[in-house]
Amino acid sequence: MGNETVTYSLRDGVATIAIDDGKRNALAPQVLRQIYGALDQAEADDAVVILTGREDVFSAGFDLNVMKRGGTAALGMLRSGYALTARVLAHPRPVIAACNGHVMAMGVFLMLSADHIIGSRGDFKVAANEVALGLTMPRVAAAMLRHRLTPGAYQRAVTLSEFFDVDSALEAGFFDELVEADALMERAAALADHYRQLPARAHKDSKRRIRSRLIRRIRYSIPLDLIDAVRLALRGGKPR
């Protein structure tokens with residue numbers, strides 16, 4: 001599966017979903033469709049999931065070329081990306097995000113929807129940089145940041161577009177742990193094997209119980225965020 005950007009591999013009850021577009025792992029519409037398909041397959045396989053990127057980048061966020069063109073393709077990409085956070089939050093088996101390096105914007109929100117997040121040590125940056133781009137932080141994005149970050153880091157991430165290095169990102173709550181880059185997938189595999197032993201129903205019911213309000217908030221916020229995007233487009237992409 002995943003003969004283009006997203007690949008899917010299954011071994012001993014652990015599914016690895018890897019995003020690799022050869023560049024910055026932009027979350028273009030076709031990439032998002034492939035991620036959804038991979039998650040469908042993982043659910044069918046009753047597999048623990050490792051979600052990862054390429055070399056020194058997890059994902060730089062939405063495809064800006066699609067955003068600039070606007071229209072229904074851009075709105076569909078936004079809708080699909082925002083909804084993906086709720087999909088991962090509710091995945092019935094544990095999801096581990098293995099962050100290879102830089103992660104920005106929608107890449108951050110996707111990463112934060114995992115159950116356990118491993119970061120790679122290195123000269124990498126983590127940022128939700130919407131405000132720096134002149135955009136009001138989307139409601140879905142703010143909800144995902146609040147879900148994981150400490151209060152102070154949340155305020156700085158949302159209102160100041162702070163760029164975190166990996167150590168400050170760990171302290172802020174973006175990561176649960178940091179490992180050396182060459183140990184990233186080994187650590188993810190060890191955790192996946194451990195989490196695979198958890199009783200599946202108890203895990204699923206517990207995560208959905210504590211996340212039900214967040215998932216409802218995301219689903220309620222998506223159309224509001226899309227309305228904001230349309231209004232921005234009607235102003236020629238210029239924030240007021």
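The values are calculated or read from the model by the stated rules, or taken from the named source; none is laboratory data. All of these numbers come straight from a predicted model, not from anything done at the bench. Glycine also receives a Cβ, built like all others from the backbone with ideal geometry; neighbour counts cover every protein chain displayed.
Per-structure values
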| quantity | calculated |
| --- | --- |
| Scope the stretch 206-217; condition surrounded by 12 or more Cβ atoms within 10 Å (Cβ to Cβ) and either out of contact with any Leu (no Cβ under 8 Å at 6 or more places or on another chain) or more than 26 Å from Gly119 (Cβ to Cβ) (or both); matching residues | Ser206, Arg208, Ser212, Arg217 |
| Residue tally, condition closer than 18 Å to Leu64 by Cβ and either surrounded by fewer than 24 Cβ atoms within 10 Å (Cβ to Cβ) or touching a Lys or Arg at 6+ places or on another chain (Cβ under 9 Å) (or both), over the stretch 111-130 | 4 |
| Criterion (in contact with a Gly (Cβ under 6 Å, 6 or more places away or on another chain) and modelled with pLDDT of 95 or more) met by exactly one of Ala98, Ala105, Ala28 | Ala105 |
| Tally of residues being among the polar types (S, T, N, Q) and at positive phi across the stretch 1-48 | 1 |
| Checklist (1) part of a helix (DSSP H, G or I); (2) under 14 Å from the mean Cα position of the chain (by Cα); (3) of a type outside the set (Phe, Trp, Tyr) applied to Gly119, failing item | (1) |
| Contacts under 6 angstrom Cβ, first residue in the stretch 55-77 being in contact (Cβ under 8 Å) with a residue 24 or more places away in the chain and outside any strand (DSSP E or B), partner surrounded by 17 or more Cβ atoms within 10 Å (Cβ to Cβ) and of a type in the set (D, E, K, R), 6 or more apart | Ala60/Arg24 |
| Top-ranked residue of the stretch 194-205 - restricted to ones that are within 22 Å of the chain's Cα centre (by Cα) and under 27 Å from Gly101 (Cβ atoms), ranked as surrounded by the fewest Cβ atoms within 10 Å (Cβ to Cβ) | Arg196 |
| Filter pass, Val49 being under 18 Å from His102 (Cβ atoms) and either within 14 Å of the chain's Cα centre (by Cα) or not in a helix (DSSP H, G or I) (or both) | no |
| Unique match (being outside any loop (DSSP other than H, G, I, E, B) and touching a residue at least 60 places away in the same chain (Cβ under 8 Å)) among Asp193, Asp167, Asp205 | Asp193 |
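Condition check ((1) surrounded by 18 or more Cβ atoms within 10 Å (Cβ to Cβ); (2) β-branched (Val, Ile, Thr); (3) within 27 Å of Ala183 (Cα to Cα)) across all residues:
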residue: Ala28; (1), (2), (3): yes, no, no
residue: Arg33; (1), (2), (3): no, no, no
residue: Ala44; (1), (2), (3): no, no, no
residue: Thr52; (1), (2), (3): yes, yes, yes
residue: Lys68; (1), (2), (3): no, no, no
residue: Ala74; (1), (2), (3): yes, no, no
residue: Met77; (1), (2), (3): yes, no, no
residue: Met106; (1), (2), (3): yes, no, yes
residue: Phe109; (1), (2), (3): yes, no, yes
